[in-house]
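Structure, as structure tokens:
The values are calculated or read from the model by the stated rules, or taken from the named source; none is laboratory data. Model, not experiment: these values are computed from the prediction. Positions of Cβ are backbone-derived with ideal geometry, glycine not excepted, and every protein chain shown enters the neighbour counts. Areas reflect the complete protein model, heavy atoms only, side chains present, ligands, DNA and RNA absent. Shrake-Rupley method; radii C 1.70, N 1.55, O 1.52, S 1.80 Å.
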Amino acid sequence: MNSKIIIGGIVIVVGIVLGTINFLDSNVEYGDFADARKIQKKIQVKGEWVKEKESSFDSQKMQYTFYLKMIAEKY
């Protein structure tokens, strides 16, 4: 078999595997503050930034800290 075809197939398979892994890692769940306290992974919480309170960025940890106020859901 032609070596270019084999190498191309391997590159495609590796690309698909890495793409799938990255997609699964970036899949973020949505929840409220209680869920965020329980779950030990990334979660997106709906809220409103409280600009009156202090916010800060720690460049060592690459962490931004701020206050968020929960928004009541309207159904």
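Tell me, what % of the accessible area of the chain is carbon and sulfur with a 1.4 angstrom probe?
Values: 4330 of 7250 Å².
About 60 percent, which is the carbon plus sulfur part of the accessible surface.
At a probe size of 1.4 Å, how large is the accessible area of S26, to the nearest 10 Å²?
So the heavy atoms of S26 present about 70 Å² to solvent.
Compute the distance in nm between two label points, each set 7 Å from the Cα along the Cα-to-Cβ direction, one at E29 and one at I71.
Simple spin-label model gives 2.2 nm for this pair.
Less than 22 Å apart at the alpha-carbon level, and either on another chain or at least 8 residues along: which lysines does that give for K42?
Of all the lysines, those that pass the test against K42 - Cα under 22 Å, at least 8 places apart if same chain - are K61, K69.
Under a 1.4 Å probe, what is the accessible area of region 6-50 per residue, stated in Å²? Let's see the in-between values first.
Numbers: 3800 Å² over 45 residues.
Spelled out: the 1.4 Å probe surface of region 6-50, per residue, equals 84 Å².
Count the DSSP beta bridges whose two residues both fall in the chain, then state the antiparallel fraction as a percent rounded to the nearest 5. Walk me through the numbers before you get to the answer.
On the way: 6 of 9 bridges.
Close to 65 percent.
Could you check the spin-label model distance between E54 and L18? Points 7 Å from the Cα along Cα→Cβ, value in nm.
About 4.3 nm separates the two model spin labels.
Hand me the GluC sites (Glu not before Pro) from region 29-75 located in a DSSP loop with no more than 12 other Cβ atoms within 10 Å, in residue order please. Could the numbers behind the result be given before it?
Working: sites: E29, E48, E52, E54, E73; in loops: E52, E54, E73.
Within region 29-75, the qualifying GluC sites (Glu not before Pro) (loop, at most 12 other Cβ atoms within 10 Å) are E52, E54, E73.
Quick one: what are the phi-derived ³J(HN,Hα) couplings along region 42-49, Karplus 6.51/-1.76/1.60 with θ = phi - 60°, whole Hz, x for glycine and proline?
With coefficients 6.51, -1.76 and 1.60, one gets 5, 8, 9, 10, 7, x, 10, 5 Hz.
Taking mean projected area of the Cα convex hull in nm² straight from the coordinates, which label in (i) 6.8; (ii) 5.7; (iii) 9.5 is the correct one?
Read-out from the structure maps to (iii).
Would you calculate a helix-derived [θ] at 222 nm for the chain, using -39,500 (n - 2.57) for each DSSP H run of n ≥ 4 and dividing by the full residue count, to the nearest 500?
Numbers: 2 runs with 30 residues, N = 75.
Calculated mean residue ellipticity at 222 nm is -13000 deg cm²/dmol.
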